[in-house]
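In what follows, a single structure is set out as structure tokens and then discussed.
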Amino acid sequence: MSMATSSAAPVKVLVVDDSVLMQKLMTQIINGAPGFEVIGVAGSAEEGWDAIQDLRPDVVTLDLELPGRHGLKLLARVLKQDPLPVLIVSAFGGPGADNTIQALELGAIDFIEKPDGTTHTLEGFMKHLVAALQRAAASRKMIAAARQMAQGGAPARPTALPREPARVGRTSLIAIGASTGGVPAVQAVMRDLAHLRLPIVVVQHMPPGYTAKFAARLAGATGLDVREAADGDRLKPGMAVVAPGGPRHLEIEERRGEFVCVLKEGPLVSGHSPSVDVMFHSVARSIGSQAVGILLTGMGRDGADGLLAMRKAGAETLIQSGETCVVNGMPKAAFEIGAAERVVPLDQIGTTVSHLIGDRSHLRTA
């Protein structure tokens with residue numbers, strides 16, 4: 001999917017932030033990025049709503065801490081009426097992380113952290129803002145359809161699939177990878193898989209300070225025991241782990257008949273740490289044909305090579321269908337190299353996995 005370029009009409013951006021300094025800084029950065037143009041700024045949720053109606057931006061950047069009505073309420077209102085890419089620009093980590101995760105669940109495209117003068121530098125903020133705007137621009141064609149499905153609730157399950165209980169004893173683990181747009185997608189898939197009571201491993205691209213909050217919200221939404229992965233965690237039925245954001249990659253190893261989480265520091269892989277590719281490759285090595293691999297919405301190609309390794313090891317491999325992705329980068333890359341056995345709409349992934357597991361009585365036991 002092509003990014004915004006200076007030869008095409010610029011992507012129109014509305015900046016919603018109550019800080020005049022941030023308004024000016026972001027306007028300068030965005031107007032300096034090829035293919036983007038700030039068409040307005042707003043200092044409150046009410047001003048933001050009016051500006052969206054009047055200016056019809058292609059992308060909105062939104063600070064959640066606004067005077068008066070909270071930014072989450074503006075986000076929900078915008079996405080309900082006229083879905084468009086909304087990029088959250090938030091204070092880093094801490095108490096605000098819960099609000100940011102909630103915004104992503106509602107359907108915000110992505111988030112970046114404001115500079116704090118120390119860890120989060122101005123230079124880093126400039127780079128991350130432009131990259132996030134490019135992801136938002138790439139999402140515009142698919143976002144309305146994906147959001148409409150998410151807000152309308154899951155359609156009826158396909159009647160063609162058998163209704164008998166799945167025979168889950170031969171499948172040991174489900175591995176899920178996601179990036180841009182992945183927070184609500186991971187939540188939807190895990191909610192539909194919870195009844196299987198199989199261990200689930202998730203790599204969702206997210207910086208430190210957010211993955212523990214994400215895990216807590218997944219636990220509330222799914223009823224599973226979901227936690228941020230710690231080195232040495234042993235995976236058990238009904239348990240799910242989320243790879244912690246930061247410099248360590250999550251791998252799964254088999255030790256004396258148990259599957260164990262291993263966190264290892266290392267360079268970026270496929271542009272990310274933690275990397276979906278690293279996790280998928282480890283699952284292919286340690287679990288092989290007893291695993292299911294699921295690659296969801298995201299920019300880039302992280303997870304494609306690892307999913308191919310899982311398929312070659314005999315695992316079932318699924319990717320989210322393009323029309324239900326916020327950004328069809330990672331699933332498309334996996335499809336192009338033959339890593340995916342099945343392409344499945346988001347709302348049908350849980351049912352499809354249940355069906356596949358029920359059909360796989362030939363697998364060896366652990």
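Quick notes
- Folded to 0 to 90 degrees: helix 276-286 orientation relative to the chain principal axis, Cα: 10
- Mean sequence separation of contacting Cα pairs (under 8 Å, at least six apart), scaled by the length of the stretch 204-280, corresponds to a relative contact order of 29 percent.
- Gain on full extension, evaluated as 0.36 nm per residue between residue 216 and residue 81 minus their Cα-Cα distance, stands at 45.7 nm.
- Expressed as a whole percent, the proportion of Cα-Cα pairs in the stretch 190-304 lying more than 21 Å apart is 32%.
- The stretch 44-131 shape via C-alpha gyration tensor axes, a/c threshold 1.5: prolate
- Ellipsoid equivalent to the stretch 222-366 - semi-axes via the Cα gyration tensor, in Å: 22, 20, 15
- Bins of 10 Å from zero: percent of alpha-carbon pairs in the stretch 27-66: 28, 53, 19
- Gain on full stretching of the segment that runs from residue 121 to residue 253 - 0.36 nm per residue minus C-alpha separation: 43.9 nm
- In order along the stretch 336-353, the phi-based Karplus estimate (6.51 cos²θ - 1.76 cosθ + 1.60, θ = phi - 60°) of 3J(HN,Hα) comes to 5, 9, x, 7, 9, 6, 9, 10, 10, x, 3, 6, 10, 5, x, 5, 5, 5 Hz; Gly and Pro are listed as x.
- Backbone phi angles across the stretch 298-312, fed through the Karplus curve with coefficients 6.51, -1.76 and 1.60 (θ = phi - 60°), yield HN-Hα couplings of x, 7, x, 9, 4, x, 5, 5, x, 5, 5, 4, 5, 5, 5 Hz in residue order; Gly and Pro are listed as x.
- Under 5 Å from the amide H of residue 249 lie the amide H atoms of 264, 265, 266, each residue being 5 or more positions distant or on a separate chain, with H modelled from the backbone and absent for Pro and chain starts.
- Restricting the calculation to Cα atoms, the stretch 267-340 yields a radius of gyration followed by a Dmax of 11.2, 33 Å.
- Of the residues 255, 197, 170, the one that moves most in a GNM of the chain with alpha-carbon contacts below 10 Å is 255.
- DSSP-defined beta bridges in the stretch 179-291 - what % are antiparallel, rounded to 5: 60
- Model label zone, residue 8; criterion: amide N under 15 Å from point 7 Å along Cα-to-beta-carbon; scope the stretch 52-76: 58-59
- Ordered by solvent-accessible area of protein heavy atoms (1.4 Å probe), largest first, the residues 126, 299 come out as 126, 299.
- Think of a 1.4 Å ball rolled over the protein heavy atoms: the chain then has 41 Å² of accessible area per residue.
- Among the protein heavy atoms of the chain, carbon and sulfur supply 52% of the accessible surface, probe 1.4 Å, non-protein parts ignored.
- Most mobile listed residue (268, 346, 296) in the chain, GNM with C-alpha springs under 10 Å: 268
- Rotationally averaged projected area of the chain (alpha carbon convex hull; nm²): 17.6
- The stretch 311-346 and the stretch 45-82 have Cα centres separated by 33 Å.
- Across the stretch 226-247, the residues whose backbone nitrogen lies under 15 Å from the label position 7 Å along the beta-carbon direction of residue 260 are 230-236.
- The HN-Hα couplings worked out from phi for the stretch 8-14 by the Karplus form 6.51 cos²θ - 1.76 cosθ + 1.60 (θ = phi - 60°) are 8, 4, x, 6, 8, 10, 10 Hz, whole numbers, x standing for Gly and Pro.
The values are calculated or read from the model by the stated rules, or taken from the named source; none is laboratory data. Since the model is a prediction, treat every value here as computed from it, not as a measurement. All Cβ positions, glycine included, derive from the backbone under ideal geometry; neighbour counts span all protein chains shown. Each accessible area value is taken on the protein alone, full model and side chains, heavy atoms only, with ligands, DNA and RNA left out. Shrake-Rupley method; radii C 1.70, N 1.55, O 1.52, S 1.80 Å.
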